[in-house]
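Following: one structure in structure tokens, then a few remarks.
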Amino acid sequence: LIAAKAKASGQPAAFIVRSEDTDVARSTREHEAAVLGDLEWLGLGWDEGPGVGGGKGPYRQSERLPLYRSIADHLLGEGKAYPCFCTQEELEGEKEAQVAAGAQQRYGGRWRDADPALVQAELDKGTPHVVRFRVPAGAKVVIDDVVRGIISWDAEATVGDFVLLRSSGVPVYNFCVACDDALMGVTTVVRAEEHLTNTLRQGLVLDALAVPRPAYAHCSLILGEDRQKLSKRHGATSCAQFREDGFLSDAMVNYLSLLGWSDGSDGEIFTREELVDAFDMSRVVSSGAVFDMDKLRWVNAQHLKRMPLPEVAEYVREQMVSRSIVTDGGESESSRRIASAATALAKQMMDTTVQPITNLQSVLDYQLQAAAGFGSLGAESEERKLIEEGHFHAVASGILAAYDAGRLPRPDEANVMAAFEDKGSKELIVEDNETGGGPYTYAPAYKVFMKELGKELGKKGKTLFHPARLAITGTMSGQDVTKQMSALSLCALPDSTLDFQSVVVVPLQARMEILRAFLDTIPEEHRQPAPTEAEVAAAAAAAASPSSSSAPAPPQQQQEGTGDYSAYEGPPFSSMDIRVGVIKKVWHHEDSDKLFCEEVDVGEDEPRSIASGLRPFFESDDLQDRKVLVLCNLKTRKLAGFPSHGMVLCAGNEDHTAVKFVAPPADAKVGERVAWGNGGEMEEPAAENKFAKKKMFEKIATELKTDAYGVASFLGKPLMTSAGPCISELQDASIS
């Protein structure tokens, strides 16, 4: 970043990569290639170094040994270094004596001022020796670290005369680094705080060579969530692993730049160009930064959302090849279409390029085949609870009957991508709640089928669509059913390049046979809905009345100016406290990709905190400063840990793939209570505890709808404010 920023401003600068490989036991060309490969993947191209060259090479320390030897000879000639003939045993004995005395452990200087004739005699005999640096008496090293400020060392007391060349002639790390910094004209060194102690030795060598020291910036270590040094026990620590796990290089650079630095704003998502422009070493902090994997995933997700879908699909295709999901190296049209379909399915939820693959594997499998009948379902599983409600058996039986009769719509193998592509532009659709294709393609045909099935069975909404989803896909949640089934058909085509040895695929025919066998295991008491308390009471009353067979029950009394209560048995509209509100602040929930957190002014002293599951349908800008209807007499409850006090009312279609706000008129007063029908005085709303305990809203919601014109209504009468009725863009929809 520093070099790029300097070059962008017209200053001469270069980013140099050196291979510091003099530690023969730990340095291999394979390790070097891995590091260089990581830098290339991150897009951190170097101006000088291995594979690139430059005017100050070679750039591997192992190839610069004659240079280090000549500099050591130069220092020997000036008396700034000297040969030391101490044996290892002598040095160990000296160290043990210092430890016993509680003294600083450093070389005692036995050969520092030895008789030159004695030194020459040892050299003539070929006695093994090292070359030591002669630390000047009283020497101090002071640096003004860009991150840590002024740091000083008493060199003589701290390190003593340190080794420059080992007895084998191989130079030590600090000597090599100092020589390279001098010969390559390095002006800026940014490195980890672990290297801070090395600066003392390097500074002494540079001073002895009469070369200016570079500017130093020692950044704090990256820590794990336990605030210990990041290591393999914390998970992936190599760039290659992050790449394999589906992270983008741009996102990695973005996130890593935030570890210990910020530009002073609230911004967290940067392009490379923005980082270069904003970066300044003066804003790097000295405290350790914690590596937060969840935050990295969030940053990666933001970068993915900004990318065109076809570009993301290319990354997904690469992952499919590396994971052997496809058999042809990913080059065929089949592999490209599978990658595109998988990406389109998962685009709204993905935070890595691996997620579309794992999601596709789930879509292609059929979870009901893993269940050995109804009895094997967990007592608290969502599937069991749904089946016990009594709607599943009838809906699934209806789907089976339609399949057997050839009436169940299926994707057209000649146009299997229709559900994923806009019918006009043929571009991939990003939104989960939108499907492609013309009026005679699979997606609209399926919707018509479901509407007809609902009429046949007398079911709608979640009593129809949730059982249908479980019957067809085998799961309770997921993307649009037509998109899932289109992906299944695509992968099962004769020319499919999917690797069926590594991916489980359960085609529609097999699913229907599994479903047929599964239905036989459902107990009789769960094959139809249990009667409601009201139905039981009505039946009991009818059985007890001698005239029940001939005289209908009288209708309930109607309220003046309101809708018809004669067939309605729930609480009155006035039990709800619906007010006009305005969203003053909105942000993304940190732990849920479905929730917005909002502060909503409903005419009280302080705004209410409300969480709403609207992120799959809206951007945050869609909510900011918007007038909405808020159900206010709900108890505060935590949604993913966020205390939510109220509910923003929206209109949704039958399968909950489309959601729109129920909007008050622009002139409606913030805080005013929404009336019903012709308005007039309304009773006080029910208290929060009573409203929740008696599940009043659940009963009222069955009659809260929008009409053919989008007007919000209850029992056919409009929801009114002082400025007029409340309206939604979604017609003939339910309100919740």
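With the convex hull of the Cα atoms taken as the outline of region 137-222, the averaged projected area works out to 6.2 nm². To the nearest ten degrees, helix 309-322 and the longest principal axis of the Cα atoms of the chain are 70 degrees apart.
On a per residue basis, region 213-368 carries 44 Å² of accessible surface, using protein heavy atoms and a 1.4 Å probe. Taking the protein heavy atoms of the chain in the context of the full set of protein chains, the accessible area attributed to carbon and sulfur is 50 percent at 1.4 Å. Entry note: region 1-121 has Rg to Rh equal to 1.14, where both radii use alpha-carbon atoms and Rh is the Kirkwood radius. Scaled to the globular estimate 2.2 N^0.38 Å, the Cα spread of region 356-432, given as radius of gyration, is 1.48. Distance from the alpha carbon centroid of region 463-497 to that of region 648-693 works out to 35 angstrom. Based on the Kirkwood approach, the hydrodynamic radius assigned to region 417-509 is 14.6 Å, with every pair of different Cα atoms included. Listed by chain and number, the lysines placed with their C-alpha closer than 26 angstrom to that of Lys423 are Lys305, Lys347, Lys447, Lys451, Lys483, Lys660; residues fewer than eight positions away on the same chain are left out. Taken over region 173-316, the alpha-carbon convex hull comes to 149 cubic angstrom per residue. Computed over region 71-133, the quotient of the alpha carbon radius of gyration and 2.2 N^0.38 Å is 1.24. At q = 0.22 Å⁻¹, work out log10 I(q)/I(0) for region 468-508 with the Debye formula, treating every Cα as an identical point scatterer and leaving solvent out; two decimals please. For region 468-508 at q = 0.22 Å⁻¹, log10 I(q)/I(0) is -0.75. Estimated translational diffusion coefficient (Stokes-Einstein, Kirkwood radius over Cα pairs, 10 °C, 1.306 mPa s) of region 606-692: 106 µm² per second. Distance from the C-alpha centroid of region 368-422 to that of region 318-348: 26 Å, rounded to the whole angstrom.
Highest mean packing first, where packing is the average number of other Cβ atoms within 10 Å per residue, the peptides 162-171, 200-209, 448-457 line up as 200-209, 162-171, 448-457. Against the chain, whose longest principal axis is taken from its Cα atoms, helix 196-208 shows a tilt of about 40°.
The Cα center of region 126-197 and the Cα center of region 702-718 differ in position by 80 Å. On full extension, the segment bounded by Glu590 and Asn198 gains 137.1 nm, given 0.36 nm per residue less the C-alpha separation. Pairwise alpha-carbon distances in the chain exceed 40 Å for 54% of all pairs. Rounded to 0.05, the FRET efficiency of the Ser324 and Ala692 pair, given R0 = 41 Å and the Cβ-Cβ distance, is 0.20. Taken over the C-alpha atoms, region 350-391 has Rg and Dmax values of 13.9, 39 angstrom.
Measuring how big region 235-370 is from its alpha-carbon positions, Rg and Dmax come out at 17.3, 60 Å. Annotation: per residue accessible area for region 412-523 equals 46 Å², rounded to a whole number [probe 1.4 Å, protein chains only].
The values are calculated or read from the model by the stated rules, or taken from the named source; none is laboratory data. Quantities reported herein were computed from a predicted structural model and do not represent experimental measurements. Virtual Cβ from ideal backbone geometry, glycine too; neighbours counted across all protein chains shown. Only protein heavy atoms, including side chains, enter the accessible area calculation; ligands, DNA and RNA are left aside. Shrake-Rupley method; radii C 1.70, N 1.55, O 1.52, S 1.80 Å.
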